[in-house]
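Values quoted throughout were computed directly from the atomic coordinates according to the rules given, and no laboratory measurement underlies them. Computed from a prediction, not measured in an experiment: that's the story for all the values here. For neighbour counting, all protein chains shown are included, and Cβ atoms are generated from backbone atoms with ideal geometry for every residue, glycine included.
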Amino acid sequence: MNPKKHTILIAGASGVVGAAAVEHFAALPDWQVLALSRRPSPLPEGVRHVSLDLADASACTAASPSLSEVTHVLFAALYELPELVAGWRDPRQMAVNEAMLRNLLDALQMGAKGLRHISLMQGTKAYGGHVEPAPVPAKERSPRHRHENFYWLQEDMLRERQPQAAWTFTVLRPQLVFGYAIGSPMNIIAAIGAYAAVQRELGQPLAFPGGGRYINAASDSRLIAGAAEFAATHEVAANETYNVVNGDMLVWQDVWGSIADRFGMKPGEAEPMELTTAMPEYEAVWKRIVAKHDLRPLTLQQMIGSSWQFTDRAVAYGLANPADSVLSGIKLRQHGFADCVDTEDSIHHWLARMQAERLLPR
């Protein structure tokens, strides 16, 4: 018999959000954590890894008996195509992400009779910011933006099943997520850290590689994990949607100097650079950095993946006057979750974490 009050299944446990959630819930006394991912990753003591490809319906069915104790789910699993930004509107990507949630729900319906709550991850694309400028600030009460998005496919699936189920759900919408993961398709912290390390090795200042100034905001993955706990344990969150943001604003040019300081560099003048095309050319330089600083033997491609594409978009490469992008975090705070994070401190926390894990040089 499970001595814990709750058992949470964290789908996508090796990603930026999932990894932080695993650490968060593993530290809570009443929670047993099942970390679901295709590939194993280091896990806190007491956390059980569930190796499962959610796109494989038969594998999910076979895994159903092992999920019998699950009471809560954080669905942070994500399938992205190699062409990251183009993939956001690709029907194939939408179909795979829809199938992943369906396969897991079907398995849980068969095996997890005590399931009480599901948290579903969305993001800024819910407000159509990748299609046209979104309202500032973007609020949960806004009508659904009319564009095709796997968010709507997954959310509609939950809304269709929930009236006949014993569980409730909560949709969480972070903005620009800061955290720790290897090979994540959207880990801007890793990309900026690797870019800084390469520029320093080349004897260059840390030039800002993006476009014009704009007001943005971010979400620390630890804050998202705390919000997921709130959603899982408070009735007010049942069938609600919440933006989950740090609480302050972000202008990249205004924090760039402090990032340069962390690596012992000068910020230099802004020099637009498309990281997606430029940085893969520096694999040999990165190999030299790895040897010099005794880093873990990973290539740039292994560590960063398509996060170069995501970073180009986040720093507005190629845009002279990018549109502001801000989500309102008021609703979540009004409902009782009052935590907040200083975004500049968040950047440094995760850069320091990657340095401590020998992924970036000090």
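A few notes on this one:
- 3J(HN,Hα) along the range 95-110: 5, 5, 5, 5, 5, 4, 5, 4, 4, 5, 4, 4, 5, 5, 4, 6 Hz, from the Karplus curve 6.51 cos²θ - 1.76 cosθ + 1.60 with θ = phi - 60°, whole Hz, x for Gly and Pro.
- Pairs of Lys in the chain closer than 29 Å at Cα, counting only those 8 or more apart or on different chains: 8
- Order of Ser51, Ser64 - criterion: other Cβ atoms within 10 Å of each residue's Cβ, fewest first: Ser51, Ser64
- Most mobile listed residue (Ala95, Ala166, Ala138) in the chain, GNM with C-alpha springs under 10 Å: Ala166
- Gain upon complete extension [Glu281, Arg48; 0.36 nm per residue less C-alpha separation]: 80.0 nm
- Net charge of the neighbourhood of Asn243, taken over other residues with C-beta under 12 Å away and scored Lys/Arg +1, Asp/Glu -1, is +3.
- Over all other residues within a Cβ to Cβ distance under 15 Å of Leu105, the charged ones net out to -1, with Lys and Arg as +1 and Asp and Glu as -1.
- Residues Ser37, Ser328 arranged by fewest to most Cβ contacts within 10 Å: Ser328, Ser37
- Taking all Cα pairs closer than 8 Å and separated by 6 or more residues, the relative contact order of the range 150-301 comes to 30 percent.
- The mean sequence separation of alpha-carbon pairs under 8 Å and at least six residues apart, normalised by the residue count of the range 202-275, gives a relative contact order of 57 percent.
- Between Ala26, Ala218, Ala13, the residue with the greatest mean-square fluctuation in the GNM of the chain (Cα pairs under 10 Å linked by springs) is Ala26.
- Cβ crowding within 10 Å, taken as a proxy for footprinting-reagent exposure, orders Trp152, Trp167, Trp350 from fewest neighbours to most as Trp152, Trp167, Trp350.
- In Hz, Karplus ³J(HN,Hα) per residue of the range 161-170 (6.51, -1.76, 1.60; θ = phi - 60°; x = Gly, Pro): 8, 4, x, 9, 10, 8, 9, 10, 9, 9
- Cα-based values for the range 234-362, radius of gyration first and Dmax second, are 18.1, 53 Å.
- Nonlocal amide H pairs with Ala138, under 5 Å, H built at 1.01 Å: Val326, Leu327, Ser328
- Diffusion coefficient, µm² s⁻¹, Stokes-Einstein with Kirkwood Rh over alpha-carbon pairs of the range 179-222 at 37 °C and 0.692 mPa s: 264
- Positive contributions from Lys and Arg (+1) and negative ones from Asp and Glu (-1), summed over other residues with Cβ under 15 Å from the Cβ of Cys60, come out at -2.
- Rounded D (µm²/s) - the chain, Kirkwood Rh over Cα pairs, Stokes-Einstein at 4 °C, 1.567 mPa s: 62
- Asp220 long-range amide H proximity, modeled H, under 5 Å: Phe178, Asn246
- Taking amide hydrogens as placed 1.01 Å from N in the peptide plane, the amide H of Leu74 sits under 5 Å from those of Leu9, Ile10, Ala11, Ser119, each at least 5 positions away in sequence or on another chain.
- For a paramagnetic label modelled on Asp90 (point 7 Å from Cα along Cα→Cβ), amide N atoms under 13 Å away belong, within the range 51-80, to 79-80.
- In sequence order, calculated HN-Hα J values of the range 328-344 (Karplus, 6.51, -1.76, 1.60; Hz; x Gly/Pro): 7, x, 5, 4, 4, 5, 5, 7, x, 9, 10, 5, 8, 9, 6, 5, 5
- Degrees separating the helix 221-233 axis from the principal Cα axis of the chain, which is the longest one: 10
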